[in-house]
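Contents: one structure, followed by commentary.
Here, each number is a calculation from the coordinates, and none is a lab measurement. Owing to the predicted nature of the structure, the values given are computational and were not obtained by experimental measurement. Note that each Cβ is placed from the backbone with ideal geometry, even for glycine, and that neighbours are counted across all protein chains shown.
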Amino acid sequence: MSLAKYSGWYLLATGIIHNTIGLVTGWGIIAGIHADGWWNSIQTGGEMDFARSAMLWFLVLGFFWMMLGHLMQQWLNHTGRPLPAQIGWGLLANGVLVAMVLPASGAWLVIAQGLLILLGGRKSEPAR
């Protein structure tokens, strides 16, 4: 399993990096949400503010990565077994999709993490 045994920590770190970038680059948007009192602040003047909506979902995604990363690491620590391949395939598929439409992004980290889970979870072939 080697590096794959830290897969959860890698995804948790990716979520932290993701949200740090979101907070730094979107601070003006977050300040606007705060100035409007948070409640129902994604719609301004009855219209959807897509910059605010995008910032909300950007940060929510980062928090979900942190939670999933923590859950993955708990699985690895408590079971001693590799993560289910579906997690690796899911991360890989999402990473490839995002990299195709937005190559200058962190999608490459997600691709690497998906591959790490898939390769780290392979069962070694029995000796013949």
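As an equivalent ellipsoid, the range 4-73 spans semi-axes of 29, 11, 8 angstrom, where each value is the square root of five times an eigenvalue of the C-alpha gyration tensor, largest first. Annotation: amide H of THR44 within the under-5 Å range of ASP49, sequence separation 5 or more or interchain, hydrogens built in the peptide plane. Between the residues PRO82, ASN94, ILE16, the greatest Cα displacement towards the positive end of the dipole of the chain, with unit charges on the Cβ of Lys, Arg, Asp and Glu, is found for PRO82. Axis of helix 85-101 versus longest Cα principal axis of the chain: the two differ by about 50°, to the nearest ten degrees. Translational diffusion coefficient of the range 2-120 at 20 °C, 1.002 mPa s, Stokes-Einstein with Kirkwood Rh over Cα pairs, in µm²/s as a whole number. It comes out at roughly 138 µm²/s. The charge dipole of the chain, taken about the Cα centre with unit charges on the Cβ atoms of Lys, Arg (+1) and Asp, Glu (-1), comes to about 740 debye, rounded to the nearest 20.
Taking chymotrypsin sites (Phe, Trp or Tyr not before Pro) in DSSP loop states with no more than 13 other Cβ atoms inside 10 Å as exposed sites, the chain has its longest site-free stretch at 40-128.
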